[in-house]
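Everything below concerns the one structure shown next.
Laboratory data are not the source of any read-out in this text; all were calculated from the coordinates shown. Just so it is clear, the structure is predicted and the values come from calculations on it, not from any experiment. Backbone-built Cβ (ideal geometry, glycine too); neighbour counts: all protein chains shown.
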Amino acid sequence: MIIQGRDVSRSAREAADVCVIGSGAGGAVLASELAERGHSVVLIEKGGYHPRQDFDQREENMIPMLYKNSGLQFALPSGIAVAQGSCVGGSTVVNDAVCFRAPDAVLGWWGDQFKVEGVDPASLKGHYEKVEERISVSEVPEYALNKNNLVLKRGAEKLGWASAPNSRNCKDCRQCGLCQIGCSYGTKQSMLETYIPDAQAIPGDPVKIYADTAAYKLVRSGGRIAGVKATISGKDGRRFGLDVRAKVTVVSGGTIASSQLLLSSGLDVNGQVGKGVAIHPSPAMIGDFEEEINGNQGIPMAYHCHEFSVLNTGKRGYMLESIFLPPYQFSLPVPGVELEQKQLMSRYKNYALIGSLLQDESVGTVMLGGPLGALLDYTVSAGDSKMMVEGMKSAAEALFAAGATRVITSHTKTTVLQSTADLGTIDARGVAPGAISVGSAHPQGGNRMGGAGMEGNSVVDSDSKVHGFENLFVCDASVFPTSLGVNPQLTVMALASRLGEHIGEGWPGYSK
Ligand SMILES: Cc1cc2nc3c(=O)[nH]c(=O)nc-3n(C[C@H](O)[C@H](O)[C@H](O)COP(=O)(O)OP(=O)(O)OC[C@H]3O[C@@H](n4cnc5c(N)ncnc54)[C@H](O)[C@@H]3O)c2cc1C
């Protein structure tokens with residue numbers, strides 16, 4: 001059952017085995033796994049419920065409808081734009097469907113440095129397989145690579161760099177190019193098309209979803225969470241209360257919001273909540289080609305180059321990923337104003353775009369305050385700034401190798417490279433706040449996982465249970481102890497599948 005704000009006319013009380021807050025990659029998989037095991041779940045989602053029939057393929061309508069704060073969220077003082085979805089299905093509804101398993105090296109760091117147990121490649125394998133099957137992950141076939149993706153392929157191959165097609169969670173993709181504003185064909189196998197309807201189809205309707213409903217307080221009673229308080233946004237701006245009593249509470253609001261909820265509920269028992277946030281800052285480089293690329297036609301993200309990534313080197317680095325965006329989102333990092341930007345945008349059809357996803361240090365902190373209730377304090381470290389510059393130079397090299405006549409950077413001062421001889425300009429311009437437009441779509445951490453002996457610098461244990469509480473868990477990207485270095489949705493889902501098994505089959509102390 002999905003209850004939308006517009007259907008509510010009075011405050012409500014609910015009781016369930018488990019209350020899950022947030023219906024994205026973590027919350028939806030978890031709710032479904034628990035329901036499959038016979039547990040009742042109340043799933044609270046701040047954003048609205050929008051089935052694919054609501055997706056009209058127009059940026060001006062879809063961005064405000066599907067994104068947190070209409071897509072406007074920035075880390076400060078770096079000024080990096082951090083995009084997150086906010087709707088039933090969370091960021092999976094607006095993401096690019098790229099699927100990677102966590103690099104073995106990264107899971108190794110989580111074990112070595114954070115003493116996390118049971119999150120190694122062998123232990124996660126079954127969970128990855130289960131999720132991959134359910135969301136139909138498969139490699140993009142050669143014929144489905146559009147010219148934008150082929151630019152990265154050609155450039156990487158010419159330079160002898162390791163590269164490959166992406167795997168994606170898409171079935172019979174129509175290649176409309178609009179993944180980031182909701183898949184109106186329903187071919188992207190987001191939570192909206194998979195785990196949410198699965199949960200709805202279970203006989204007895206064990207999962208009750210409250211959309212348009214924001215949890216604002218976890219009510220503590222000693223070492224337990226006794227209840228969740230939420231506000232339902234109803235018709236005509238009316239607001240109603242929702243009180244949920246559950247044996248187990250799971251926070252799955254995503255990085256930033258999950259820490260925000262723990263902090264505003266006064267549950268920062270060890271001073272670690274909100275610490276250690278990474279965001280994968282990803283500057284984009286535009287290559288201008290004589291031929292039309294028409295990057296907006298076809299799959300936006302279907303190819304990557306992992307030559308400089310942890311996947312290839314075992315060390316922190318960056319991934320080059322082909323990406324393309326509809327015109328409004330594309331224009332945001334394009335430099336210049338008025339006529340200059342108009343002239344640059346007039347070449348849209350001839351542009352190819354490569355993003356360099358930086359596997360950053362976890363230096364961000366979530367704090368209460370600001371118009372959204374929480375702020376992300378994040379400054380790119382000195383080491384990461386150097387690596388970001390290297391990533392941008394590699395992207396430019398790949399574009400030139402593929403035949404670009406010029407490369408435009410996302411520096412705020414219009415910067416056009418005519419050949420690889422100009423790469424030094426990127427060093428000169430730098431990546432200081434204000435010098436460049438950088439985007440992020442992968443916030444992670446803030447409620448880090450840590451095993452025995454690491455209680456002092458983590459928020460949850462190896463089973464995702466919040467230290468010091470018997471019945472409070474976190475299940476989303478915020479539990480990552482370090483930056484993943486690859487697109488994170490699959491790992492969030494695999495961890496949720498693992499937690500579903502753990503809670504669902506009765507962790508010690510929990511009885512149905
Ligand atoms: C534009 C874009 C493109 C991306 N592309 C890819 C990609 O191709 N591949 C990939 O692996 N990853 C991609 N990602 C990232 C990926 O989607 C996320 O890492 C993943 O969905 C995170 O899962 P989560 O459960 O932590 O949070 P989310 O999926 O973001 O879900 C959190 C949900 O909780 C809700 N919520 C928050 N606070 C509250 C509250 N107080 N009460 C109730 N509900 C609340 C939010 O509204 C949201 O719906 C992309 C993200 C974006 C934004």
Completion exercise
For the stretch 110-262, the count of lysine pairs 8 or more apart or interchain whose alpha-carbon atoms are under 29 Å apart comes to 26
Problem - the chain: calculated mean residue ellipticity at 222 nm from DSSP helix runs of at least 4, using -39500 (n - 2.57) - result: -7500 deg cm²/dmol
Handout entry: Long-range amide H partners of ASN146 with built H, under 5 Å
Key = ILE299
Exercise for the section: Could you pull out every one of the aspartates and glutamates with an alpha carbon less than 14 Å from that of LYS315, ignoring same-chain neighbours closer than 8 positions? Expected result: ASP104, GLU307, ASP360, GLU361, ASP384
Handout entry: Nonlocal amide H pairs with TYR67, under 5 Å, H built at 1.01 Å
Key = SER86
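How do ARG239, ARG316 line up, fewest other C-beta atoms within 10 Å first? Each step should come with its number before you reach the end.
Working: ARG239 12, ARG316 21.
Result, fewest neighbours first: ARG239, ARG316.
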Practice task
Step through the residues of the stretch 171-186 one at a time and calculate ³J(HN,Hα) from phi using the Karplus curve (6.51 cos²θ - 1.76 cosθ + 1.60, θ = phi - 60°), rounding each to whole Hz and writing x for Gly and Pro.
Solution key: 10, 6, 4, 7, 6, 7, x, 10, 3, 6, 10, x, 8, 6, 8, x
Fill in the blank from the handout: For the pair LYS125 and ASP54, the simple spin-label estimate (label points 7 Å beyond Cα toward Cβ) gives in nm 4.1 nm
Handout entry: Karplus (6.51, -1.76, 1.60) ³J(HN,Hα), θ = phi - 60°, over the stretch 291-298, in Hz, Gly and Pro reported as x
Key = 7, 6, 9, 6, x, 7, 9, x
Completion exercise
To the nearest 0.05, the calculated FRET efficiency linking ALA435 and ARG174 through their beta-carbon distance, R0 being 35 Å, is 0.35
Practice task
Tell me the trypsin sites (Lys or Arg not before Pro) within the stretch 5-58 that lie in a loop according to DSSP and have at most 16 other beta-carbon atoms within 10 Å.
Solution key: ARG10, ARG37, ARG58
Problem - Charge context of GLY48, other residues only, Cβ under 10 angstrom, K/R +1, D/E -1 - result: -1
Completion exercise
Rounded to the nearest 10 degrees, the helix 104-114 long axis (Cα) sits at an angle to the longest Cα principal axis of the chain of 50 degrees
Problem - Simple Cβ-charge dipole of the chain, Lys/Arg +1 and Asp/Glu -1, about Cα centre, in debye nearest 20 - result: 980 debye
Exercise for the section: Would you list which aspartates and glutamates come within 20 Å of LYS349, measuring only between C-alpha atoms, while excluding same-chain residues fewer than 8 positions from it? Expected result: GLU59, ASP288, GLU290, GLU291, GLU292, GLU321, GLU338, GLU340
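Please work out the FRET efficiency for the pair GLU291 and GLU139, using the Cβ-Cβ distance as r and a Förster radius of 25 Å; give the result to the nearest 0.05.
Numbers: r = 26 Å, r/R0 = 1.06.
Efficiency, rounded to the nearest 0.05: 0.40.
Which trypsin sites (Lys or Arg not before Pro) in the stretch 199-235 sit in a loop by DSSP (not H, G, I, E or B) and have at most 13 other Cβ atoms within 10 Å of their own Cβ?
Sparse-neighbourhood loop trypsin sites (Lys or Arg not before Pro): none present.
Full-extension gain between SER70 and SER264, please, as 0.36 nm times their residue separation minus the C-alpha to C-alpha distance. The partial results should precede the final answer.
Values: separation 194, 0.36 × 194 = 69.84 nm, distance 2.29 nm.
My answer for the length gained is 67.6 nm.
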Fill in the blank from the handout: Given backbone amide H placed at 1.01 Å from N, residues whose amide H is under 5 Å from that of GLY450, ignoring those fewer than 5 places away on the same chain, are VAL459, VAL460, ASP461, SER462
Fill in the blank from the handout: Placing each pseudo-label 7 Å from Cα in the direction of the beta carbon, ASP463 and GLN343 end up separated by a distance in nanometres of 6.4 nm
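At a 10 Å Cβ-Cβ cut-off, how would you order ILE426, ILE279, ILE63, fewest neighbours first?
Ranked by crowding around the Cβ, least crowded first: ILE63, ILE426, ILE279.
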Problem - 3J(HN,Hα) from dihedral phi, the stretch 372-381, Karplus parametrisation 6.51/-1.76/1.60, rounded to Hz, x for glycine, proline - result: 8, x, 8, 10, 10, 8, 8, 10, 5, 5
Problem - Neighbour count of at most 13 Cβ within 10 Å plus DSSP loop: longest GluC sites (Glu not before Pro)-free window in the chain - result: 1-289
Completion exercise
Everything considered on the Cα gyration tensor (a ≥ b ≥ c; rounded for a/c under 1.5, else prolate if a/b is larger than b/c, else oblate), the stretch 1-136 must be described as oblate
Handout entry: Relative contact order %, the chain, counting alpha carbon pairs below 8 Å whose residues are six or more apart
Key = 25 percent
